[in-house]
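Here's the structure we're looking at; comments come further down.
No lab work stands behind these numbers, since they all come straight from the coordinates. The shown structure was predicted, so the numbers you read here are calculated from the model rather than taken from an experiment.
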Amino acid sequence: MATFRNRSGKWQARVQIQGHAALSKTFINKVDAERSEKSVMLRYLTDIGNHCNMFYK
């Protein structure tokens, strides 16, 4: 899940995944921050799938 904060006119996206360190990055607009959050979550889920051999190669 992500948290979005407005910091001096820029947006910070912070993603916390249970059991892992939080990742954060600052963006010019909120749309880019939301897009980044979705890509981080997709990468995380893909890594889990690869680890569990859920995808065929």
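Across the chain, C-alpha contacts under 8 Å between residues 6 or more apart give a mean separation that, scaled by the residue count, equals a relative contact order of 25 percent. Seen against the Cα atoms of the chain and their longest principal axis, helix 30-51 is set at about 20 degrees.
Lysine pairs in the chain whose alpha-carbon atoms fall under 22 angstrom of each other, counting only those eight or more residues apart or on distinct chains, come to 5. The convex hull of the Cα atoms of the chain, projected and averaged over all directions, covers 4.5 nm².
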